[in-house]
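Here the structure is laid out as structure tokens; the discussion comes afterwards.
The values are calculated or read from the model by the stated rules, or taken from the named source; none is laboratory data. Since this is a predicted model, take the numbers as computed values, not measurements. Reconstructed Cβ throughout: ideal geometry from the backbone, glycine too, with neighbour counts over all protein chains shown. For accessibility, only protein heavy atoms count, side chains too; no ligands or nucleic acids. Shrake-Rupley method; radii C 1.70, N 1.55, O 1.52, S 1.80 Å.
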Amino acid sequence: MIQLRHHPMELRLRHTFRLARGDSDVRQNLIVELEHDGLVGLGEAAPIARYGQDQASAARAVELMVERFNEQNSDPRHYALAAERVAVEGEPSATAAFDMALRDLAGKRLGAPLYELMGVDSTAMPVTSFTIGMDDPETVVAKVREASQFDVLKVKMGSAGDRAVIEAVRSVSDQPLRVDANEGWTLEEAGSHLAWLADQGVELVEQPLPAGQIEEMRQLRAASPLPLFADESVGVASDIPKLAGAFDGINIKLMKCGGIGEAMRMIATARAHGMKVMLGCMVESSLAITAAAHLSPLIDYADLDGNLLTVNDPFVGATVKAGRLVLPSGPGLGVERISTVDE
Ligand code: MG
């Protein structure tokens, strides 16, 4: 039997987060603790409002998952398929929390960092991009100056002020840029923006068109001067085959796919289709970011800055040194709690 505890966690954002879909100042996430044999595995859910999830629905889902797990007399050492066996439909962030907590527990039981269990090279960590949200040009310039330790910036676009944001960044920085349109463009707008962005030192563009427009994406990609990555168009591995030819790569997020197990299947599926892999995040504490960072030696582009956008992260885990992710060396996820918030 595993014992469950869960706690609400309100993360406050350093800057109001402006997206094509709307603004926000706080995020309501959920901390999950799974206890077994005197050890506690930690997980975090960052529910995604766009898909009808919230803190309460994630809490109910994780309760149900633990109930199912215990009813099946499952052994927490068998974590590889555990999360998908008990997953609650429509609640992948809860599934991700359960999955990472079981993996944390497994590492703690063996006294080994999770990256050793996974067999990934923790010295082969990628640089991570830092997100500059949409804002007026003066604020964008201030944010870019704050982010000077990052080698790559990710710029959110999709609103009417699109090009002004990039121009503001370029007025103070020649760092490589990645652009995320968050489904904000039409096919015509996208064609024109891509040609212009290619001249601005942009290395890739994420989700230019609405999620369902796969045929339009094929047309756009055929003439695109830049690699195009799917985010909202992809959730799990089975979504990937139909995207081959429409996108150059996919953005994997634990909160959309349901955990490290499914993320590894997505990496394999993308590779089988000749696609590149980016690893992204929601606004998350260092707990979920550290879980995702364990996959980063396996991928091409990391965008794991969700914890850095908050002012009250209660955990310490993966960090960023000289723009590059660094994994902690403790057992399991290696995450330590440094403060108690909003319980
Ligand atoms: Mg995105």
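For the chain, with a Gaussian network of springs between Cα atoms less than 10 Å apart, report the residue from Val277, Val120, Val234 with the top mean-square fluctuation.
Among Val277, Val120, Val234, the largest GNM mean-square fluctuation belongs to Val120.
What are the extents of the Cα atoms of the chain along their three principal axes, listed from largest to smallest and rounded to whole Å?
Principal axes ranked by extent give 58, 39, 37 Å for the Cα atoms.
Regarding the stretch 3-111, what is the average projected area of its C-alpha convex hull, in nm²?
Working: hull surface 30.0 nm².
For the stretch 3-111, the mean projected area of the Cα convex hull comes to 7.5 nm².
Tell me the mean residue ellipticity at 222 nm calculated for the chain from its helices only (DSSP H runs of n ≥ 4, each -39500 (n - 2.57), averaged over every residue, nearest 500). Walk me through the numbers before you get to the answer.
Details: 11 runs with 113 residues, N = 343.
It comes out at -10000 deg cm²/dmol, rounded to the nearest 500.
Given a 1.4 Å probe and every protein chain left where it sits, what share in percent of the accessible area of the stretch 142-249 is carbon and sulfur?
Working: 2020 of 4060 Å².
Percent of accessible area from carbon and sulfur atoms in the stretch 142-249: 50.
At 1.4 Å probe size, with every protein chain present, just tell me what the per residue accessible area of the stretch 118-337 comes to in Å². Let's see the in-between values first.
Details: 7380 Å² over 220 residues.
That works out to 34 Å² per residue.
So, R0 is 30 Å and r is the distance between the beta-carbons of Glu71 and Glu336; what FRET efficiency does that work out to, to 0.05?
On the way: r = 32 Å, r/R0 = 1.08.
It comes out at approximately 0.40.
At a Cα cut-off below 15 Å, give the aspartates and glutamates reachable from Lys242, other chains included and same-chain residues fewer than 8 away excluded.
Excluding near neighbours in sequence, the set is Glu215, Glu216, Asp231, Glu232.
What accessible area per residue comes out for the stretch 3-111, rounded to a whole number of Å², with a 1.4 Å probe?
Numbers: 5030 Å² over 109 residues.
Per residue, the stretch 3-111 has an accessible area of 46 Å².
Per-residue accessible area for Cys281 at 1.4 Å probe radius, Å² rounded to 10?
Looks like 20 Å² after rounding.
If each residue of separation counts as 0.36 nm, what is the full-extension length gain between Glu189 and Asp151 once their alpha-carbon separation is subtracted? Kindly include the intermediate steps, with their values, before the conclusion.
On the way: separation 38, 0.36 × 38 = 13.68 nm, distance 2.84 nm.
Using 0.36 nm per residue and subtracting the Cα-Cα distance, I get 10.8 nm.
Taking 35 Å as R0, compute the FRET efficiency from the Cβ-Cβ separation of Asp54 and Met118 and round it to 0.05. Please report the intermediate quantities before stating the final value.
Working: r = 31 Å, r/R0 = 0.88.
The calculated FRET efficiency here is 0.70.
What is the percent carbon and sulfur in the accessible area of the stretch 3-111, measuring with a 1.4 Å probe over the protein chains and ignoring ligands?
Details: 2290 of 5030 Å².
Heavy-atom surface of the stretch 3-111 belonging to carbon and sulfur, 1.4 Å probe: 45 percent.
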